[in-house]
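Let me begin by presenting the structure, written as structure tokens, before commenting on it.
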Amino acid sequence: MRLLKTMSVAVLLGLAAIPAASAYEIDPVTRLPLVMADDGRIRATPIPREEVEYKGKFGPGTIVVDTNEKRLYLVLPNGRAMKYGVGVGRPGFSWAGTKAITRKAEWPSWTPPAQMLRRRPDLPRFMPGGEGNPMGARALYLGSSLYRIHGSNEPETIGQAVSSGCIRMLNEDVIDLYERVKVGTRVVVMR
């Protein structure tokens, strides 16, 4: 799949091009980027969650994040995996390594770390959990690091390198993953 530039979407849909706030056309209902699948159809879901064949080296129960591919895989038994689209760290904020889930939270609150506040002093110092919170519907805390696998209040960022190192998911996807894993689950992040 590939993202469609604003003009391309307008032409494909037979509409006059309307300037967008971002570089890509956003579906006004879902707030997700419009994408063109390999079959030529336009979809408003950047990366659909799906069960796929898995031939990697990690065992069942492992979460594998491929930051280049912008996909997260939950390895299942019998050579299968659940594949999710994710947003990853922007240039200078990407990382690789192995962590374990040390905590899980539903509708987590958010306290931006000091490093982020230095870069963005306009951010709130604390935000309670809820739909407007950038942590989204669920959070999986990775080791003792500041990194999380979490939902997002900006679904249009899924499939892009935009975060400060966290792995962002659609809220419905992070809820699905949250229900499938437990504290102690191994998480492998690859670049």
By my count, strands (runs of 3 or more DSSP E) wholly in segment 111-191 with at least 1 residues that are of a type in the set (A, V, I, L, M, F, W, C) and in contact with a helix residue (DSSP H, G or I) (Cβ under 8 Å, 6 or more places away or on another chain) are 138-142, 148-150
Ile167 vs. criteria crowded, with 18+ Cβ neighbours inside 10 Å and either among the small types (Gly, Ala, Ser) or under 21 Å from Arg71 (Cβ atoms) (or both)
yes
When you go through (1) surrounded by fewer than 14 Cβ atoms within 10 Å (Cβ to Cβ); (2) more than 16 Å from the chain's Cα centre (by Cα) one by one for Lys99, which number turns out not to apply?
(1)
For a quick check of your reading of the model, give me the residue pairs whose first member lies in segment 53-80 and is over 20 Å from Trp95 (Cα atoms) and in the same structural domain as Val174 (by TED's automatic domain parsing), whose second is hydrophobic (A, V, I, L, M, F, W, C) and in a loop (DSSP other than H, G, I, E, B), with beta-carbon atoms closer than 8 Å and at least 6 apart or on different chains.
Gly61/Val181; Val75/Phe58
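Quick check on Gly87: is it touching a strand residue (DSSP E or B) at 6+ places or on another chain (Cβ under 9 Å), closer than 22 Å to Arg191 by Cβ and surrounded by fewer than 19 Cβ atoms within 10 Å (Cβ to Cβ)? Step through it out loud before you land on a result.
Details: touching a strand residue (DSSP E or B) at 6+ places or on another chain (Cβ under 9 Å): yes; closer than 22 Å to Arg191 by Cβ: yes; surrounded by fewer than 19 Cβ atoms within 10 Å (Cβ to Cβ): no.
The answer is no for Gly87.
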For Lys83, work out the one condition from (1) within 23 Å of Glu179 (Cα to Cα); (2) touching a residue at least 40 places away in the same chain (Cβ under 8 Å) it doesn't fulfil.
(2)
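Tell me which residues, restricted to segment 88-103, are touching a residue at least 24 places away in the same chain (Cβ under 8 Å) and outside any strand (DSSP E or B).
Of everything in segment 88-103, those that are touching a residue at least 24 places away in the same chain (Cβ under 8 Å) and outside any strand (DSSP E or B) turn out to be Arg90, Pro91, Phe93, Ser94, Trp95, Ala96.
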Which listed residue is touching a residue at least 40 places away in the same chain (Cβ under 8 Å) and among the acidic types (Asp, Glu), from Glu131, Glu106, Glu179
Glu106
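The values are calculated or read from the model by the stated rules, or taken from the named source; none is laboratory data. Not measured: the values here are computed from a predicted model. As a convention, Cβ positions derive from the backbone with ideal geometry for all residues, glycine included, and neighbour counts pool all protein chains shown.
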